Structure formats: C-alpha cells, structure tokens
1. Counting only residues 5 or more places away or on other chains, whose amide H sits under 5 Å from the amide H of Val121 once H atoms are built in the peptide plane?
2. Which value results for Rg/Rh of region 207-252 when Rg is the Cα radius of gyration and Rh the Kirkwood radius based on the inverse mean 1/r?
3. In nm, what is the difference between 0.36 nm times the number of residues separating Ala147 and Met103 and their Cα-Cα distance?
4. Using the Karplus equation 6.51 cos²θ - 1.76 cosθ + 1.60 (θ = phi - 60°), what ³J(HN,Hα) coupling, rounded to whole Hz, does each residue of region 137-153 give in order, writing x for Gly and Pro?
5. Taking Rh as the Kirkwood radius, which is the inverse of the mean 1/r over Cα pairs, what is the Rg/Rh value for region 228-280?
6. Assign unit charges at the C-beta atoms only (+1 for Lys and Arg, -1 for Asp and Glu), then state the dipole size of region 100-171 relative to its Cα centre in Debye, rounded to the nearest 20.
7. Could you pull the Cα extents of region 91-153 along its three principal axes, largest to smallest, in whole Å?
8. So what is the diffusion coefficient of region 201-304 in µm² per second by Stokes-Einstein at 10 °C and 1.306 mPa s, using a Kirkwood Rh over Cα pairs?
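Just so it is clear, none of the values below were taken in a lab; they were calculated from the coordinates. Since this is a predicted model, take the numbers as computed values, not measurements. As a convention, Cβ positions derive from the backbone with ideal geometry for all residues, glycine included, and neighbour counts pool all protein chains shown.
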Amino acid sequence: MVLSKTASQTDVSVHSTFASRYVRDALPRFRMPENSIPKEAAYQIINDELMLDGNPRLNLASFVTTWMEPECDKLMMAAINKNYVDMDEYPVTTELQNRCVNMIAHLFNAPLGESETAIGVGTVGSSEAIMLAGLAFKRKWQNKRKAEGKPYDKPNIVTGANVQVCWEKFARYFEVELKEVKLRDGYYVMDPEKAVELVDENTICVAAILGSTLNGEFEDVKLLNHLLTEKNNKTGWETPIHVDAASGGFIAPFLYPELEWDFRLPLVKSINVSGHKYGLVYAGIGWVIWRNKADLPEELIFHINYLGADQPTFTLNFSKGSSQVIAQYYQLIRLGFEGYKNVMENCQENAMVLKQGLERTGRFNIVSKDDGVPLVAFSLKDRSRHSEFQVSDYLRRFGWIVPAYTMPPDAEHVTVLRVVVREDFSRTLAERLVFDVEKVLHELDALPPKLAPPVAVKATEVGGHRDCRNGKKTELETQRSVTHAWKKFVLAKKNTNLVC
C-alpha cells in the first residue's frame, strides 16, 4: 500500500524555487521582513536581481581588478572570515602584510638599510592611504609650527585640478585648504611651475599624481622636486612631496624603470598605491609607504592590547578582511618582477591596438599619452551632430561601459571618453570594441541632430559679459553649451523610466 501526503505550505524541499510562494510574493524593500524565507529562495531572489548589474569585465570605466587566478580566489575564500585587525590571533596574516609593505617599499626605492624594515600599512584603498598620508603631513607641519611659535591653524595642500575626489574629501574632512592648479587646453595634469608658485609657509605638502584619472598621464615629479628644492632653499621652508601613485605605482617600476618619481627624489616623503588596481587584486586593498620613520609622527600611532597583545595601529577604520592582503602577497610572489612586467607590457600593447583602431576611424582626437597608465582617452573631432555622451550611452547597448566626462577647471569645455585597459582586456576585446564604436557612429550619423543650432539672442554689455547682439557665439561657447545641454539630457534620462 502506497501512502501519500500533501506537503505543507512551509515544506519547500519538494517545490521548485520558482514555483514557491517566496518568489511570487513581493518582499519589502526598505524594511526587514517579518518572517524568514528558505535559503534557496533568498539566494535566487538576490541572484536574479544582481543579473541586472553590468558585466564587471566590460566595465571599462574602472581601474579596479576584475579577474584573478582561481588559486588566489580559493585563498581569499578560505580567509574571508578572518578579521585582519586580530593580529595576535592571525600572526601569519600580519606577517604577510609586513612582507608586502617591504616588497613595495623596495619597489619604490625606499632608502632602507640591509636589516631595516619599511614603514607602511595596508589600507582598504588609496582613499584611506591618502587620508593617512595627509594626516601625517598635517601633524608634522603643526608640530614644527608650534615649536617655532608660529600660527598653525591654516594648513593648505597644493594639487592639480585633476586629482581624484579623495583629495577633496581629505581637505574638507580634516580642515585643510585645497589649492588647485587649474588645467588648460592640451595640458591636463598639474604644471609643476604653477604648483610651486602656490606654495607658501602653510603648505603641508604638494601632491603629485602618477597616473591621472582623466587621461593616465604621469606628472613630472622630478621637475617638481627640483623646483620645490630651490624654493625651500630660498625660503627656509621644508615643503615635502606626496606621490599619489594609486594607478601608476604598479606600472612605472616595470614599464619605465628609469623614470625618477619615487623615493629616489629627496622631497618625496610618502607614496600611496592601489593594490586593487594594477596591483592586480580585487577591490579593497591599498598601501601607503613612508620614506622613513621620522616622516610618520609617533603620536598618530595607537597601541591596543585588548585583542591579546600590544598592537600598533594607524588606520581610519578598525576591522577589515584579511583576504585582500593575502591576495596581494599571492600576486607579488606568484608573478614576481618578471610577471608584473609581462602583464603591464601586455596592457600597454592592447591600449595601442585600441588607440590605433580608433584613429583609423578618422573620427576621434586622442587625448591620452602613449606613456603612462594603459588607457585611451579620446574625444570626437566633430561634435556638431552628436556628443561623447551619446556615444557612451549607445555603447551600453552592446554591454560596454565607457564613461564620458568633462575635464576639470579650466578645461571644462573638453569632453572625453575613456577606456581603461586592464589585465583581462584582451586584444580580441580591443578589436571588438572598435568595431562596436564604428557601429554606434553609423547609427548616430543616421539620426537627425538632437539639438537645434543656438538661437540668436540680444544682450548688452553687463558686468564684463560679452555683447552678443549679433547673435553669434564663438566655437568655444558653442562647445560648452552643447556639453551642458547633453549633460542635462543624460541626467534627466537616468532619473526616468524612459525606454529608447
């Protein structure tokens, strides 16, 4: 005799996940649900929604690593439950971080003796690393000013207008005036001469960028060191340099070993680098290295003992995972100098393939340089019918995420598209992207112009403004108005549910 029973509503083991009530009923979005749901249903609901995210490998806006070897993935998963800050409980993990700090310090030519250990720390990224370096500069400057009996309430820092937003955060969060060197047409990095002109007795440091986010270009740190040394000698100041090598720190030593940008220059006191960019580790790891112990004020280092032993700590956060530290150590010993050099050369070669392909279309000006971070920044030669924002928008239909943006002051009228070439961006993908760009251009060419020509307006001379009674605009003004209109259009589109 065969007995059967009806499964209860909560017995989901005999049901398909998609046939269960858990995926039929809407879950609250902003409040915790009253009742539990099976693990299979929770996984499926979240996994399904995440399918709507972009493909990380096709996200060409990001510098962040999106592929690692399976062996490293295993190491990361095995350590995912380790809290790095528990140094006494996980002494080997701590030792691996110390090894990474010393390897990177030697890579950056830190002046270390045979038995001397490097001064540095792992962070959750270059943003935290920059905050820590900035705090060290500020505190050291304040201590010096106090000892001299001088005011120490108005510190400033000199950067280019092309710096990443984390520098603006540092200035605002820690009450430091940010003095920016403006950009200009054809020169999209900090001008060392103008930077040194902005330096005064309250300048805690000058920040140079090794690999601009905008076009990948390396700033001339050697020239900056020379000019700043001359000014320090004349004034008696001791203004130092910090190098933000978030993108370029793992590129320059392998592609441009003769380039002097690091601790070989006497005024360079600290360097940050992103392990999760060209350090080839998934997001969540950065490093900051100081020239020597004297450049990191002792009072910024905290000592705790409630985790089992005396532990020094200099971070903005406390708890963090160990996986990324372990992954960085894996990459350093797995690849070695030879391996990193091969990866960077391959990235550079693929960037050249992409650049040449775009040049062959005859439609773009290349804004990036051949030397620097392996990326290609480019702008349309003819913007009368469509803009870079349209090209970016249409490329998403093919899965590509290619950002379009305007340059910082005083080059806001320049709009560019940018493709970051990472380790997992192959030559095949580079060629495919050029093919898709050409398809997008053909589609856009077939459309009527989205914007009407500027309407003639009448205006009188007021407060130095141009008299435009003749109804004509300069080419620069037309470019700026078109860029502004398209930015408004794209933002408005993102805030609606329009389907084109």
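1. Residues meeting the criterion, in which the H sits 1.01 Å from N, are Val288.
2. The Rg/Rh ratio comes out at 1.08.
3. 12.3 nm
4. Result, rounded to whole Hz: 5, 5, 5, 5, 5, 4, 4, 5, 5, 4, 4, 8, x, 10, x, 9, 9.
5. Rounded to two decimals, Rg over Rh is 1.09.
6. 480 debye
7. 44, 29, 23
8. In µm²/s, the coefficient is 107.
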